[in-house]
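The structure appears right after this line, and notes come after that.
The values are calculated or read from the model by the stated rules, or taken from the named source; none is laboratory data. What you see is a predicted model; the values in this text were computed from it and never measured. We place every Cβ from the backbone using ideal geometry, glycine too, and count neighbours over all the protein chains shown. Heads up: the accessible areas ignore ligands, DNA and RNA and are worked out on the full protein's heavy atoms, side chains in. Shrake-Rupley method; radii C 1.70, N 1.55, O 1.52, S 1.80 Å.
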Amino acid sequence: MSDRIAQLDIRRLAPKLVVGLLVGFALLYIVVLANPTPDIGGNWRTTTFGSAIDDWQSFTRTLLNGLTFAGLLFIVASGFSLIFGLMRVVNMAHGSFYLLGGYIAYEVQQKMTGSGYSIAGVEVNTWEWVFPALIAAASIALVGLVVQQVFLRWNQGQELRQALITIAISVIIADQILAHFNEGIASSVTWPGWTNRLVELPLLGIQYSLARLIVLFLGLAVGLGLWIWLYRTRTGMVIRAGVDDRQMTSALGVNIQLTFAIAFVVGSSLAAFGGAVGASQGAVAAGQDGQWLLNSLVVVIIGGLGSLLGAAAGSLLYGLVFSFSAIYLPTIGGNCCTQYSIVFTFVLLALVLAFRPQGLFGRFS
């Protein structure tokens, strides 16, 4: 009997041991084994910059790139986590809210500055970035309120119907973007001029983009604000209570429909604010709605449904895996292999689901 139990324990531990060894090898590869790309040729050890020991400054910049990307991921995915993970409302239009928010911020900034397609950073002050982002968030908050009240309120708990309705809404929004916003051409919101510089990071011994550090700061600020709202205010407590037991919460005299509408509005506005930040960091373009919906879905699944800490952890893991795999995959030739970095994000998703199906910080309903 004891032998059978020991065999079962070994079988259970074997997959975890294999994954642990693979993760250990990946870390060893990044820190020690990787070599810089030669002028001609390459092998399985050649990467973009070489190992962390050989080029620790590039390693540090890659780490910061992953952290700042995680900040943007969290801004967008936290709204999706609030709507889908906490309220269990399937909003497949979340990526469209991101995209439309980015284009609205772009158009408002264009009107404020009176500039052409490309605006120099020195021509933009802080208010000319903050105001477009706020207008985008407020506009999509209104759109989210209409969607929730008109299309989703009457079919709560019917996930398939919600998914089909919001897919239709996302298609309509995508068509309207093509019709009214530069035909969906890639457009960028310009950061304020004072952010367009490198700052010295004495502890790390490198210079780094101030704008990217601001993205990380905004992600942390959104996380802190959501935590205070959900765990230190009456509205947040009512939202969490309503998710756990809607009937009992309603019986206590709480207007649960109003509370859920507020949560949906906040989640939608976060998608739009993320769109403004994303348009500043890179650009928004037709087709990104599906990409950011997928990003948000992956983050929430990794972190766990209904967990703000899970959304933060999922964003951090996703951002780091994406950034490091893009830099430290072998560069054997012109057609291999950094373009496969996206595959590793789904490997991360598969591993989390294999060992913890409810997500890192989620719980079974």
*Complete set of residues in the stretch 307-337 that are more than 23 Å from residue 216 (Cβ to Cβ) and in contact (Cβ under 8 Å) with a residue 24 or more places away in the chain*: 329, 330, 331, 332, 333
_Every residue in the stretch 151-191 that is under 15 Å from residue 107 (Cβ atoms) and polar (S, T, N, Q), please._
176, 182, 187, 188, 190
*Among (1) under 29 Å from residue 228 (Cα atoms); (2) open to solvent by 10 Å² or more (accessible area, probe 1.4 Å) - the single one residue 296 does not satisfy*: (2)
*Where residues in the stretch 130-188 are touching a Lys or Arg at 6+ places or on another chain (Cβ under 8 Å) and part of a helix (DSSP H, G or I), which of them is farthest from residue 98 (Cα to Cα)?*
155
*Considering 185, 173, 177, 167, which residue is open to solvent by 70 Å² or more (accessible area, probe 1.4 Å) and closer than 14 Å to residue 290 by Cβ?*
167
*Hey, among 239, 206, 214, which residue is more than 27 Å from residue 134 (Cα to Cα), out of contact with any His (no Cβ under 8 Å at 6 or more places or on another chain), aliphatic (A, V, I, L, M) and open to solvent by less than 40 Å² (accessible area, probe 1.4 Å)?*
206
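Would you say residue 271 is more than 29 Å from residue 178 (Cα to Cα), surrounded by 24 or more Cβ atoms within 10 Å (Cβ to Cβ) and under 12 Å from the mean Cα position of the chain (by Cα)?
On the way: more than 29 Å from residue 178 (Cα to Cα): no; surrounded by 24 or more Cβ atoms within 10 Å (Cβ to Cβ): yes; under 12 Å from the mean Cα position of the chain (by Cα): yes.
For residue 271, the condition - more than 29 Å from residue 178 (Cα to Cα), surrounded by 24 or more Cβ atoms within 10 Å (Cβ to Cβ) and under 12 Å from the mean Cα position of the chain (by Cα) - is not met.
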*asked:* Looking at the structure I just gave you, is residue 322 under 14 Å from the mean Cα position of the chain (by Cα) and open to solvent by 10 Å² or more (accessible area, probe 1.4 Å)?
replied: yes
*Kindly list, by first and then second residue, each pair from a residue in the stretch 338-365 that is without any contact (Cβ under 8 Å) to a residue 40 or more places away in the chain to a residue that is small (Gly, Ala, Ser) and surrounded by 14 or more Cβ atoms within 10 Å (Cβ to Cβ), limited to pairs with Cβ atoms under 7 Å and residues at least 6 apart or on different chains.*
341/325; 341/326; 344/325
*Please find, among 45, 61, the residue that is within 18 Å of residue 327 (Cβ to Cβ) and either open to solvent by less than 20 Å² (accessible area, probe 1.4 Å) or in contact with a helix residue (DSSP H, G or I) (Cβ under 8 Å, 6 or more places away or on another chain) (or both).*
45
*Got a sec? Which helices (runs of 4 or more DSSP H) wholly within the stretch 283-365 have at least 1 residues that are basic (Lys, Arg), at pLDDT 95 or above and closer than 18 Å to residue 74 by Cα?*
none
_Residue under evaluation residue 67, criteria (1) under 30 Å from residue 330 (Cβ atoms); (2) buried (at least 18 other Cβ atoms within 10 Å of the Cβ); (3) among the hydrophobic types (A, V, I, L, M, F, W, C); (4) in contact with a Ser or Thr (Cβ under 6 Å, 6 or more places away or on another chain), criterion not met_ = (4)
_So, restricting to helices (runs of 4 or more DSSP H) that lie completely within the stretch 191-278, which ones have at least 1 residues that are modelled with pLDDT of 90 or more?_
210-232
*Inspect all residues belonging to the stretch 88-104 and state whether any of them is open to solvent by 30 Å² or more (accessible area, probe 1.4 Å) and farther than 12 Å from residue 189 by Cβ.*
yes
